[in-house]
Amino acid sequence: MKVICPQCKKEHNIDESKIPVGATVAQCRACGHRFPLFEPAPEPAPEAEAPKTGPRRIGVTLSKGGVGKTTTSVNLAAGLALAGYKVLLVDTDTQGQASYLLGQKTQAGLTELVTGELPAAETIVQARENLWLLAGGRSLAGVKRMIDRKDFGGELTLVEALEPVEKDFDFVIVDTSPGWDPLTVNVLFYVFELITPVSLEVMTLQGLVEFLKNLSSIQKYRSEVALNYILPTFLDKRIKNPDAILDKLKDLYGEYVCTPIRYNVRLSESPAYGKTIFEYAPGSHGSQDYRDLVRKITGRPELFS
Ligand SMILES: Nc1ncnc2c1ncn2[C@@H]1O[C@H](COP(=O)(O)OP(=O)(O)O)[C@@H](O)[C@H]1O
Ligand SMILES: [Mg+2]
């Protein structure tokens, strides 16, 4: 083996078979310096050991509507809660669909938290065991105007509102509205991870490309946000040609592409009952597919088995 003297930098070739058993120190024949024969194992980097603080912040987003964002936000949040995680679901859409899907009639929500009209505890409702909701709704239009009126720092409005309330949660899942507005930008300044549902239709692929362009303009200012999961939705083998689009997605985005969520009529029925897919149809494909997504996101393949 080759050994370099740390003092005079001379290189020595040592016959390993001649090193006495238990020897740990070498002496340089050139300068006489004694030094450890074997490099100590490097200390682990301090970051690697530091416990992770704060919840995982995940945004569910794509500019196009009707691709399964709200369905994914609600059922992913509910699935994580069933797995024992404490989850806060934040609805940033003026349509306020997340409350409806969970069968909650909410008096207050994200608007009142952002404006400070109500104490934080009165803006968050517990929707299920381990699952809390910050509801969206029409009043968020006022929040968007408020963000627009700020001279600077408007894009951090959501960060400032959520950071004080997020610490008790393991996950914060943020549903977004279709389109690109001041709240979407705020979501991209808050979350670290993104799930982008892509309905398996050609038009949505264009939506994805557009979204990625917008995202990269945000990443110039906030490099911590990354698109980690592309989630194909509405997989239906009977109609259209989903495999071609799925193959194209995999070609373009490789390991980011998750196992698709199949088209499942139970997923479109469950909102009318205010039930998650796990409550409404636990044995359905929809339920199986969202359980799979929970396993993927948590990296725990043993969950629900
Ligand atoms: N995998 C699916 N199979 C069948 N219907 C679905 C599926 N995912 C969502 N839906 C239905 O499609 C519609 C649009 O979904 P939604 O989650 O509201 O989309 P977005 O939030 O992107 O606008 C809703 O009526 C929903 O119930
Ligand atoms: Mg929606």
Practice task
Go through (1) over 26 Å from Gly137 (Cα atoms); (2) crowded, with 17+ Cβ neighbours inside 10 Å; (3) of a type outside the set (Asp, Glu) and name the single condition Ser216 misses.
Solution key: (2)
Problem - Hits in segment 76-120 (condition: under 16 Å from Pro164 (Cβ atoms) and at pLDDT below 95) - result: none
Practice task
Filter segment 194-218 for residues that are within 19 Å of Asp251 (Cβ to Cβ), aliphatic (A, V, I, L, M) and within 16 Å of ligand 2 (Cβ to nearest atom) and give the result.
Solution key: Val198
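Any residue at all in segment 116-134 that's within 16 Å of ligand 2 (Cβ to nearest atom), in contact (Cβ under 8 Å) with a residue 12 or more places away in the chain and within 23 Å of the chain's Cα centre (by Cα)? Step through it out loud before you land on a result.
First, the residues of segment 116-134 that are within 16 Å of ligand 2 (Cβ to nearest atom): 133-134.
The next check asks that each one be in contact (Cβ under 8 Å) with a residue 12 or more places away in the chain; those that pass are 133-134.
Going one step further and asking which of them are within 23 Å of the chain's Cα centre (by Cα), we end up with 133-134.
Scanning segment 116-134, I find at least one residue that is within 16 Å of ligand 2 (Cβ to nearest atom), in contact (Cβ under 8 Å) with a residue 12 or more places away in the chain and within 23 Å of the chain's Cα centre (by Cα), so the answer is yes.
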Handout entry: Filtered residue count, segment 248-277, keeping only those that are surrounded by fewer than 21 Cβ atoms within 10 Å (Cβ to Cβ) and touching a Gly at 6+ places or on another chain (Cβ under 6 Å)
Key = 2
Exercise for the section: Evaluate the following for Glu193: is it surrounded by 12 or more Cβ atoms within 10 Å (Cβ to Cβ) and at pLDDT 90 or above? Expected result: yes
Problem - Pairs where the first residue, in segment 175-188, is in a helix (DSSP H, G or I) and the second is basic (Lys, Arg), C-beta under 6 Å, 6+ apart - result: Pro182/Lys144; Leu183/Lys144
Practice task
Specify the residue that is surrounded by the most Cβ atoms within 10 Å (Cβ to Cβ); the eligible residues are those in segment 123-171 that are in contact with a Lys or Arg (Cβ under 7 Å, 6 or more places away or on another chain) and acidic (Asp, Glu).
Solution key: Asp170
Problem - Test result for Ile147, within 21 Å of the chain's Cα centre (by Cα) and assigned by TED's automatic domain parsing to the domain that holds Val174 - result: no
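Quick one: count up the residues across segment 77-90 that are within 16 Å of ligand 1 (Cβ to nearest atom) and either closer than 19 Å to Tyr273 by Cβ or more than 19 Å from the chain's Cα centre (by Cα) (or both). Can you show your working first?
Narrowing segment 77-90 to residues within 16 Å of ligand 1 (Cβ to nearest atom): 77-79, 89-90.
Filter again for either closer than 19 Å to Tyr273 by Cβ or more than 19 Å from the chain's Cα centre (by Cα) (or both), leaving 77-79, 89.
Final tally of qualifying residues: 4.
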Practice task
Could you check segment 217-305 for helices (runs of 4 or more DSSP H) lying wholly inside it with 3 or more residues that are farther than 22 Å from Ile58 by Cβ and at pLDDT below 95?
Solution key: 242-253
Exercise for the section: Run Pro6 past the list (1) surrounded by 12 or more Cβ atoms within 10 Å (Cβ to Cβ); (2) under 49 Å from the mean Cα position of the chain (by Cα) and report the number of the one that doesn't hold. Expected result: (1)
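Considering segment 63-91 alone, what residues qualify as being within 10 Å of ligand 2 (Cβ to nearest atom) and assigned to a loop (DSSP other than H, G, I, E, B)? Outline the logic, then answer.
Quick first cut of segment 63-91, residues within 10 Å of ligand 2 (Cβ to nearest atom) only: 65-74, 91.
Of everything in segment 63-91, those that are within 10 Å of ligand 2 (Cβ to nearest atom) and assigned to a loop (DSSP other than H, G, I, E, B) turn out to be Gly65, Gly66, Val67, Gly68.
Listed here are the residues, each with its yes/no results for (1) assigned to a helix (DSSP H, G or I); (2) touching a helix residue (DSSP H, G or I) at 6+ places or on another chain (Cβ under 7 Å).
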position: Ala127; (1), (2): no, no
position: Asp148; (1), (2): yes, yes
position: Leu156; (1), (2): yes, yes
position: Ile173; (1), (2): no, yes
position: Leu194; (1), (2): no, no
position: Pro197; (1), (2): no, yes
position: Gly207; (1), (2): yes, no
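Residues checked against (1) farther than 18 Å from Thr70 by Cα; (2) within 18 Å of the chain's Cα centre (by Cα):
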{"position": "Asp168", "(1), (2)": "yes, yes"}
{"position": "Val172", "(1), (2)": "no, yes"}
{"position": "Leu188", "(1), (2)": "no, yes"}
{"position": "Gly207", "(1), (2)": "no, no"}
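Mind checking whether some residue in segment 195-206 is charged (D, E, K, R), more than 15 Å from ligand 1 (Cβ to nearest atom) and out of contact with any His (no Cβ under 8 Å at 6 or more places or on another chain)? Before the answer, list the steps.
So the first thing to find is which residues in segment 195-206 are charged (D, E, K, R), and the list is 201.
Filter again for more than 15 Å from ligand 1 (Cβ to nearest atom), leaving none.
Scanning segment 195-206, I find no residue that is charged (D, E, K, R), more than 15 Å from ligand 1 (Cβ to nearest atom) and out of contact with any His (no Cβ under 8 Å at 6 or more places or on another chain), so the answer is no.
The values are calculated or read from the model by the stated rules, or taken from the named source; none is laboratory data. Source: prediction; values computed, not measured. Note that we place each Cβ from the backbone using ideal geometry, even for glycine, and neighbour counts take in every protein chain shown.
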